[in-house]
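What follows is a set of notes on a single structure, which appears directly below.
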Amino acid sequence: MLDERKTAILSAVVHEYITTAQPVGSSHIANASGVGVSSATVRNEMAVLEQEGYLVQPHTSAGRIPTDKGYRFFVDHLAAPGRADEAMARQVGAFFEAAHGRLEEMLHQTSDLLTHLTHNAAVVLGPRAEAATIRSAQIVRLSANSATVVLVFGNGNVENEVIVVDEETPDTALAAASAHLAATLTGRTLASAGSPSPTGDEATDAVCAAAIGAMQAVSTDAHVYVGGASTVADSFDAVDVVRQVLHTLEQQFVVVSLVRDIVDRGMSVAIGVEHGVEPLSVCSVVVAPVVVDGEHLGSVGVLGPTRMNYPQALATVDMVSERLGRRLGES
């Protein structure tokens, strides 16, 4: 554990580096609020903090910058989640009060909202379709040998999947299958649907089985929305770093696994190598679960450089996750 003086100096360095993105010198820290010692004393203490792994000197003549260990100490001991200011609270409240329509659109707009508020990339994982109650089901023929299955869920989500049908299947069988699915699925979840009950008509039952199979196959997919990737790219100067960050954010499976792993570990902040995704080792992730009636249905988070404004990011992510959960619960 750091003593009071080193803690104050480390805190001042982190705050200054978050603001300027430039190495911080001892003379500047000596004048910072809460430090109150000479620049020579600060220089000596910063040298000790460097030896202990909290700071690093990128160049011989430069000041120092925080390491991942330094940020971790800051987050754990100094950066309790700030309170969102009234203007932000009003903006978030107005957004969710006006959020209606399809779930996918709301989640996409939520990622844009997080990016706007934090100036970082935003990740929103929505609830899986298998957990939501089905409001309506329909099968529509597209061609002689294909049809689309459309399910509308109580949370506003709409899923559709194309299935193959026999060319000999009459339209009456498709209509009967559509009516049968609507009768048997409405008010239930895909997870509890199981195999469709037989109707006694071979063609109708074949269509129903194909429809249920197709929808259950996609129902476990996560709805993931990543916004503001270009924003986080602007945080780095090296072209190769920007390239690997953007490439990783484009890989949906990696992003979903990253967020779920952090939440499953009970963490709200993963700094640098802590999250285990090597191409994003220059980044930190702040996440919060979206909870509806005690059930974890999704997650929201922001991803940015390790010098991100942690107190602001924590407060914003917490507020948005709480309001999103409330909005989903109202659905």
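Summary table
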read-out	value
Alpha-carbon centroid distance for the pair the range 17-47 / the range 133-164, whole angstrom	61 Å
Cβ-based charge dipole, the chain, positive-most Cα from LEU185, ALA210, ILE65	ILE65
Additional length obtainable on full extension of the chain from ASP237 to ALA217, 0.36 nm per residue less Cα span	3.0 nm
HN-Hα J in Hz across the range 301-317 - Karplus 6.51, -1.76, 1.60, θ = phi - 60°, x for Gly and Pro	x, 10, 10, x, x, 4, 8, 5, 7, 4, x, 5, 5, 4, 5, 5, 5
Rough spin-label spacing in nm, given labels placed 7 Å along Cα→Cβ, for ALA62 and SER195	6.5 nm
Normalised alpha carbon radius of gyration of the range 123-276 [divisor 2.2 N^0.38 Å]	1.39
Rounded to the nearest 20 debye, dipole of the chain from Cβ charges on Lys, Arg, Asp, Glu	1100 debye
Rounded to 5, percent antiparallel among DSSP beta bridges of the chain	100 percent
Computed E for SER27/LEU246 - FRET, C-beta separation, R0 25 angstrom, nearest 0.05	0.10
Span per principal axis, largest first, for the Cα atoms of the range 144-208 (Å)	36, 22, 16
Backbone HN-Hα couplings from phi across the range 232-239 [Karplus 6.51/-1.76/1.60, Hz, Gly and Pro as x]	5, 5, 5, 7, 10, 8, 6, 4
Rounded Å value of the spacing that divides the Cα centres of the range 178-200 and the range 253-331	35 Å
SER136 long-range amide H proximity, modeled H, under 5 Å	VAL152
Range in the chain, longest, excluding exposed GluC sites (Glu not before Pro) [loop by DSSP; at most 15 other beta-carbon atoms within 10 Å]	53-166
Calculated FRET value between HIS116 and ARG5, using beta carbons and R₀ = 35 Å, to 0.05	0.35
Option label - log10 I(q)/I(0) by the Debye sum over Cα atoms at q = 0.07, 0.16 Å⁻¹ computed here, alternatives (i) -0.29, -1.38; (ii) -0.33, -1.29; (iii) -0.40, -1.24	(iii)
Stretchable slack from ASP76 to GLU52, in nm (0.36 nm times residue separation minus alpha-carbon distance)	6.9 nm
In sequence order, calculated HN-Hα J values of the range 133-147 (Karplus, 6.51, -1.76, 1.60; Hz; x Gly/Pro)	6, 7, 8, 7, 9, 8, 10, 10, 6, 9, 8, 4, 10, 8, 8
Principal-axis tilt of helix 86-98 within the chain, Cα atoms, nearest 10 degrees	10 degrees
Efficiency of FRET between ASP85 and SER257 - r from beta-carbon atoms, R0 41 angstrom, step 0.05	0.75
Per-q log10 I(q)/I(0), the range 249-318, q = 0.11, 0.14, 0.18, 0.23 Å⁻¹ (Debye; single scatterer per alpha-carbon; no solvent)	-0.24, -0.39, -0.64, -1.02
Exposed-loop-free span, longest in the chain, where trypsin sites (Lys or Arg not before Pro) count as exposed if DSSP calls them loop and at most 16 other C-beta atoms lie within 10 Å	103-187
Segment THR20-SER146, length gained on full extension (0.36 nm per residue, minus Cα span)	39.6 nm
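FYI, it's all coordinate maths here, none of it is from the lab. Since this is a predicted model, take the numbers as computed values, not measurements. Glycine gets a Cβ as well: all are built from the backbone with ideal geometry, and neighbour counts include every protein chain shown.
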